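Working notes, structure below.
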Amino acid sequence: MGNVYVLDHPLIQHKLTYIRNKKTGTKEFRELVDEVAGLMAFEITRDMPTEEITIETPVTEAKTKILSGKKIGLVPILRAGLGMVDGILRLIPAAKVGHVGLYRDPNTLKPVEYYIKLPSDIEERELIVIDPMLATGGSANDAIHSLKKRGANNIKLMCLIAAPEGVEVIQKDHPDVDIYLAALDEKLNEKGYIVPGLGDAGDRLFGTK
Ligand code: PRP
Ligand code: URA
């Protein structure tokens with residue numbers, strides 16, 4: 001079964017409080033999601049392998065480290081996942097970015113895929129699937145199935161907030177996928193919203209309703 005990591009760094013938790021607050025407007029919400037995504041990426045990449053190389057500093061020769069592992073691919077789930085991409089790219093600027101377009105049918109709560117475009121070498125990359133919300137788990141679950149069908153074999157899932165129901169779905173269907181969260185909330189309500197959650201992530205990010 002995949003691991004679930006709740007990243008409880010004080011800065012992440014502090015900013016998440018403002019993200020959750022309904023008084024936080026679109027501009028500030030967007031900035032905070034971007035910042036938290038960067039902070040989470042910092043934590044998620046902690047186990048990246050490195051190798052030692054020799055360079056010349058202006059003073060002397062030095063053995064120092066560079067990253068040596070697989071190349072990274074970011075896969076935001078449209079729309080709301082887009083809000084987390086730039087914050088991660090600031091830390092991992094060489095990452096390639098694929099997109100999976102999914103929306104949740106408001107009546108069935110089932111995900112509907114409407115777009116997919118991925119880097120050609122996803123089977124050689126460590127992919128980080130990004131979506132602020134893991135609610136029923138349907139969207140992330142379908143996105144991960146889509147990636148695996150196309151050859152992906154090394155996937156992490158990064159969300160701001162999850163419900164236990166969503167975590168359970170991913171752990172059952174994708175035991176190879178570790179999940180990284182800023183918070184694991186209490187439950188889903190009857191409309192499939194995470195409680196206490198932050199409301200509709202896409203609408204709050206893009207100012208739609
Ligand atoms: C939201 C969110 C996730 C999905 C989570 O997207 O960004 O993709 O719901 O719910 P689930 O775990 O129950 O599938 P939404 O369908 O509202 O689309 P949007 O990002 O285009 O607003
Ligand atoms: N999608 C959202 O944007 N928010 C939720 O709480 C659940 C699904």
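Could you tell me which residue out of Gly25, Thr45, Ala62 lies farthest along the dipole of the chain toward its positive end? Charges go on the beta carbon: Lys and Arg +1, Asp and Glu -1, centred on the Cα centre.
Gly25
Relative contact order of region 92-209: what whole-number percent is it, with Cα pairs under 8 angstrom and at least 6 residues apart?
Details: 192 pairs, mean separation 23.9, N = 118.
In percent, rounded to a whole number, it is 20.
In debye, nearest 20, what is the charge dipole magnitude of the chain about its Cα centre with +1 on Lys and Arg Cβ and -1 on Asp and Glu Cβ, if you could check? List each step's numbers first, then the result.
Details: 27 positive and 30 negative charges, 125 e Å.
With Lys and Arg at +1 and Asp and Glu at -1, about 600 debye.
Determine the gain in length on full extension of the stretch Thr208-Lys191; use 0.36 nm per residue of separation and subtract their C-alpha separation, reporting nm with one decimal.
Working: separation 17, 0.36 × 17 = 6.12 nm, distance 1.84 nm.
4.3 nm is the gain from fully extending Thr208 to Lys191.
Return the loop-located trypsin sites (Lys or Arg not before Pro) in region 1-65 (DSSP other than H, G, I, E, B) with at most 16 other Cβ atoms within 10 Å of their own Cβ; answer none if there are none.
Working: sites: Lys15, Arg20, Lys22, Lys23, Lys27, Arg30, Arg46, Lys63, Lys65; in loops: Lys22, Lys23.
Here the trypsin sites (Lys or Arg not before Pro) that fit, given the DSSP loop and packing criteria, are Lys22, Lys23.
State the answer as a single residue: which of Leu198, Asn107, Ile179 lies farthest towards the positive end of the charge dipole of the chain, with beta carbon charges of +1 for Lys and Arg and -1 for Asp and Glu, about the Cα centre.
It is Asn107.
Would you mind calculating the relative contact order of the chain from Cα pairs under 8 angstrom and at least 6 residues apart, reporting the percent as a whole number? Could you put the intermediate results ahead of the total?
Numbers: 404 pairs, mean separation 49.2, N = 209.
The value is 24 percent.
Using a Gaussian network for the chain with springs between C-alpha atoms less than 10 Å apart, which of these wobbles most: Asn141, Asn189, Asn107?
Taking springs between Cα atoms under 10 Å, the residue moving most is Asn107.
Every number here is computed from the coordinates shown, using simple stated rules; none is lab data. These numbers were taken from a predicted model, which means no experiment stands behind them. Cβ coordinates were reconstructed from backbone atoms using ideal geometry, including for glycine residues, and neighbour counts include every protein chain displayed.
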